Amino acid sequence: MGVWSACTVLLIPLLCGLSHGSPDLGLDISIDFVTSNNPNIQSAAGMVSFTTSDLQGAIGGYQLAKLNGATNMIVSGEALISLVGNITVNVNDVLRNISFVSSNKQTAPSCMFGSMNATMDRAFASLDQASTLIKSIQTSTSSQNTGALTSWVMMIQTAMTDISTYLDQLYKGVAAVLASGQPLTQSTIQANINQAVLFNLAGAISVVTTAEKGLTTTVRAIRSSFEQSGNILNTYSNDLNNALNSVNNTQRDYYNQVVGRISSYQGKISWEFGWGVTDIKNTLSRVNSFVFDQDTSKAAQQLNISIGVTNAAIQSNSVIIQSSMMSQMTQIFTGAESFVQTNVKALVPVFDKSLFGLAATMSGGGAFASNCNFKYGGAITNLENNMRDGLQKCFNDYANTGYTDSFVSEYNMVIREQTRTISNRINFCLNLGSNTSPKVIKLGIAACLSETIALSDALMKDVSIQSKLVVAMINLESLATVQRVESCAAILNHGLVAKAAKLDQLLATCQTTNQ
């Protein structure tokens, strides 16, 4: 390259400055490098259009994977595109210039070669970058592929050095012809321009195009393996997003179930407790008729006060139960959701490891890559679907808030019977007579009403205890629900982790044994 640069810097101005009155400096078509005679430099250099097209086609339209976990592939893909670009642009510009010069017989060859100095510099600069680019490509493909890349590039670099050397010699021959001052006869030309230079130059050009054909085959193989790897990652990415969306949808469905169940329980409690209060309140109008009677006044007034206290106690317990249900059942959802999301976050990296191992196998383009993908690819990419199905099953089978239905319904029945007992007892007392009955009957009514007050107080204490028991049962069932979901998800987690690890082992074995 040094000889080439120095020579062209000195010779180009000299040769272009000489004038023989002929646009081709008097060097007619008998000089072989501008003819179709052998050695056919023009024909050899003309192959550049085909090799450029093939090599660019090998990488044309390649879409780099921009997916999670594809970092190495992105770097490798960009390096591969850059390597191909350097060859098809910078290196092949030299061959294009030679083809142009050798096909144009009416312009001084020395002047036409003037533009080639910078072109050659760019070509060698791009070839100097090749080793770094191949190292980047090697992160995502097989050593066999990168070895082939290195061999083809070294062949191109050696041939380009030869081209530079023979062009220098050709320039010197042209300069010698002009400096001789002799007639431009065939013998004069042959005496100053060695025919071996022309043969060697044509041969070096052919080596470049031949190497590019081999490089095209290697690039196609690497691109194919990269695309297979990218397809796997893309499939996985789509499946994983679908799986995560499905899990989130299941959680929303579960949340709606919880909200609906809370509303249902609250409605039942409001209904039953409300009727209890209504039944007792309906007795007030009859009790009031005994308030103004001397024999029953005290008992009737006390009963009125007791009825107010009882109704307040019933409503208070109703609020406590409903509030507790909302709080605890919301915690059921929050606890289950939190554990499931933690479980998902723990599983995804495990799946990623197996999936990226599979993608790396396909990217590497090993001898068994396709068969290993056929054997284990589906199982690996399906891991996230197993996660989705398993977590949905955990929700459906173990997060059923309906488990509390039975004791809430039974509790409502007990409360209803207790409030009905109070109202029935009051009506029983009032049905013994009226405020116009004989004194002895009215005294009996008063005693009955007083006993009803005691009965109501006892029943309300029982309701308070029962309400606390129901709250405790709801709390315990809420905890049990979350624990059931956690246990189910934990078992699922361990199973999927073990399956992913086993698939990793099988894939690694397949890469080397095809088994």
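The values are calculated or read from the model by the stated rules, or taken from the named source; none is laboratory data. Since we're looking at a predicted model, the values are computed, not measured. When we count neighbours, we look across all protein chains shown, and the Cβ atoms used for this are built from the backbone with ideal geometry, even at glycine. Ligands, DNA and RNA are stripped out before the accessible areas are found, and what is left, the full protein with its side chains, is counted by its heavy atoms. Shrake-Rupley method; radii C 1.70, N 1.55, O 1.52, S 1.80 Å.
Some points to look at:
- Restricting attention to region 342-383 and to residues that are more than 17 Å from residue 138 (Cα to Cα) and hydroxyl-bearing (Ser, Thr, Tyr), the residue that is surrounded by the fewest Cβ atoms within 10 Å (Cβ to Cβ) turns out to be 342.
- Boolean, residue 290 is in contact with a Ser or Thr (Cβ under 8 Å, 6 or more places away or on another chain), surrounded by 14 or more Cβ atoms within 10 Å (Cβ to Cβ) and not in a helix (DSSP H, G or I): yes
- Scanning region 120-160 for residues that are hydroxyl-bearing (Ser, Thr, Tyr), assigned to a helix (DSSP H, G or I) and either open to solvent by 60 Å² or more (accessible area, probe 1.4 Å) or under 16 Å from residue 213 (Cβ atoms) (or both) yields 131, 132, 143, 151, 158.
- Scanning region 55-66 for residues that are surrounded by 20 or more Cβ atoms within 10 Å (Cβ to Cβ) and either of a type in the set (D, E, K, R) or not in a helix (DSSP H, G or I) (or both) yields one hit, 65.
- Being surrounded by fewer than 21 Cβ atoms within 10 Å (Cβ to Cβ), free of Cβ contacts under 8 Å to residues at least 40 places away in the same chain and assigned to a helix (DSSP H, G or I) holds for only one residue in 175, 221, 191, and it is 191.
- The residue of region 293-306 that is least open to solvent (accessible area, probe 1.4 Å), among those that are of a type outside the set (A, V, I, L, M) and free of Cβ contacts under 8 Å to residues at least 12 places away in the same chain, is 297.
- Selection within region 211-234 - at pLDDT 85 or above, farther than 16 Å from residue 139 by Cα and among the hydrophobic types (A, V, I, L, M, F, W, C): 211, 215
- Extreme residue, most open to solvent (accessible area, probe 1.4 Å), among residues of region 224-264 that are under 31 Å from the mean Cα position of the chain (by Cα) and among the charged types (D, E, K, R): 252
- Residue 428 being hydrophobic (A, V, I, L, M, F, W, C), open to solvent by 10 Å² or more (accessible area, probe 1.4 Å), in a helix (DSSP H, G or I) and over 30 Å from residue 286 (Cβ atoms): no
- For region 45-63, a residue qualifies if it is within 29 Å of residue 167 (Cβ to Cβ) and among the polar types (S, T, N, Q), and the qualifying residues are 49, 51, 52, 53, 56.
- The condition of being at pLDDT below 90 and polar (S, T, N, Q) holds for only one of 138, 129, that being 138.
- Of the set (1) over 19 Å from residue 337 (Cα atoms); (2) touching a residue at least 40 places away in the same chain (Cβ under 8 Å); (3) in a helix (DSSP H, G or I); (4) not aliphatic (A, V, I, L, M), all apply to residue 435 but (3).
- Per the conditions (1) modelled with pLDDT under 85; (2) open to solvent by 30 Å² or more (accessible area, probe 1.4 Å); (3) out of contact with any Asp or Glu (no Cβ under 7 Å at 6 or more places or on another chain); (4) within 20 Å of residue 229 (Cα to Cα), the sole criterion not satisfied by residue 75 is (1).
- Candidate set: region 275-287, residues that are touching a residue at least 60 places away in the same chain (Cβ under 8 Å) and open to solvent by 40 Å² or more (accessible area, probe 1.4 Å); chosen: the one farthest from residue 441 (Cα to Cα): 275
- Sole residue being more than 30 Å from residue 380 (Cα to Cα), out of contact with any Asp or Glu (no Cβ under 7 Å at 6 or more places or on another chain) and among the polar types (S, T, N, Q), chosen from 144, 195: 195
- Filter pass, residue 196 being of a type outside the set (Lys, Arg) and free of Cβ contacts under 8 Å to residues at least 12 places away in the same chain: yes
- Meets criteria (aromatic (Phe, Trp, Tyr), in a helix (DSSP H, G or I), crowded, with 21+ Cβ neighbours inside 10 Å and touching a residue at least 12 places away in the same chain (Cβ under 8 Å)) for residue 407: no
- Residues within region 318-341 that are of a type in the set (Val, Ile, Thr) and open to solvent by 20 Å² or more (accessible area, probe 1.4 Å), tallied: 4
- Residue selected from region 482-515 under the condition under 16 Å from residue 396 (Cα atoms) and β-branched (Val, Ile, Thr), by the criterion surrounded by the most Cβ atoms within 10 Å (Cβ to Cβ): 485
- Verdict on residue 309 being open to solvent by 40 Å² or more (accessible area, probe 1.4 Å), within 30 Å of residue 452 (Cα to Cα) and free of Cβ contacts under 8 Å to residues at least 40 places away in the same chain: no
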